[in-house]
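Colleague: Just passing along the structure, written as structure tokens.
Since every read-out is calculated from the coordinates, none of them should be taken as a lab result. Bear in mind that the values here come from a model prediction, so they are computed numbers and not experimental data. For neighbour counting, all protein chains shown are included, and Cβ atoms are generated from backbone atoms with ideal geometry for every residue, glycine included.
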Amino acid sequence: MILSDSRILEEIEKGTIVIEPYDRKNLGSNSYDVHLGKYLAMYNEDLLDARKHNLITHFEIPEDGYVLQPGHLYLGVTAEYTETHAHIPFLEGKSSTGRLGINIHATAGKGDVGFCNAWTLEISCIQKVRVYAGMPIGQLIYFAADGDVINKYNKKSNAKYTGRTSMPVESMMWKNEF
């Protein structure tokens, strides 16, 4: 079950959903719009290795925007820091973003109960497109969890993306055992 706007507001009031900064005008009928933060990042190497720590270089989006190029992976970040203590958050692109040919995640649209951070975006595009810090980039949708959550993300000893950041975070796949 997806939370409605009134339920999202109730959960914000209770503190089970936190959005910073929060602006009521970004609340839709069953979602909350999030915006592109001011930093992007790109991997330093063309060949990425899942067993190695692939380093990235961060850069700030200029005032006049940044042109994304097809065939490249950009890591972005939401301007909003979020906490979700009792619901399952999903981040989806806005239709206006998709109609510009921008994908905001490759596979990581679902968060876990207990996720507390800004969202790193895995941005790619179909054709060249100029993006701007602060532009609407996606929407958070909250699902009710069926049953008690025993293993919240922010309490897991092996959680890899728990430090609060305003910068995109590279893959931590290399921390897994395989």
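Colleague: Working only within segment 139-158, note down all residues that are surrounded by 17 or more Cβ atoms within 10 Å (Cβ to Cβ) and either touching a helix residue (DSSP H, G or I) at 6+ places or on another chain (Cβ under 7 Å) or without any contact (Cβ under 8 Å) to a residue 12 or more places away in the chain (or both). First the steps, then the outcome.
Modeller: Of the residues in segment 139-158, the ones surrounded by 17 or more Cβ atoms within 10 Å (Cβ to Cβ) are 139-142, 153.
Within segment 139-158, Tyr142 is the sole residue that qualifies.
Colleague: Tally the residues that are among the aliphatic types (A, V, I, L, M) and buried (at least 17 other Cβ atoms within 10 Å of the Cβ), restricting the search to segment 168-178. Before the answer, list the steps.
Modeller: Within segment 168-178, the subset among the aliphatic types (A, V, I, L, M) is 169, 172-173.
Now narrow it down to the ones that are buried (at least 17 other Cβ atoms within 10 Å of the Cβ): 169.
Final tally of qualifying residues: 1.
Colleague: Counting just the residues of segment 69-110 that are of a type in the set (Val, Ile, Thr), more than 12 Å from the chain's Cα centre (by Cα) and closer than 17 Å to Leu36 by Cα, which one comes out surrounded by the most Cβ atoms within 10 Å (Cβ to Cβ)?
Modeller: Ile102
Colleague: Tell me the residue from Gln127, Gln139 that is in a strand (DSSP E or B) and not hydroxyl-bearing (Ser, Thr, Tyr), please.
Modeller: Residue meeting the stated conditions: Gln139.
Colleague: Evaluate the following for Gly98: is it of a type outside the set (A, V, I, L, M) and either more than 17 Å from Ser31 (Cα to Cα) or free of Cβ contacts under 8 Å to residues at least 24 places away in the same chain (or both)?
Modeller: yes
Colleague: I'd like the full set of residues that are of a type in the set (Val, Ile, Thr), without any contact (Cβ under 8 Å) to a residue 60 or more places away in the chain and farther than 25 Å from Ile8 by Cα, limited to segment 53-93.
Modeller: So in segment 53-93, the residues of a type in the set (Val, Ile, Thr) come out as 56-57, 61, 67, 77-78, 82, 84, 88.
Filter again for without any contact (Cβ under 8 Å) to a residue 60 or more places away in the chain, leaving 57, 88.
The one that is of a type in the set (Val, Ile, Thr), without any contact (Cβ under 8 Å) to a residue 60 or more places away in the chain and farther than 25 Å from Ile8 by Cα: Thr57.
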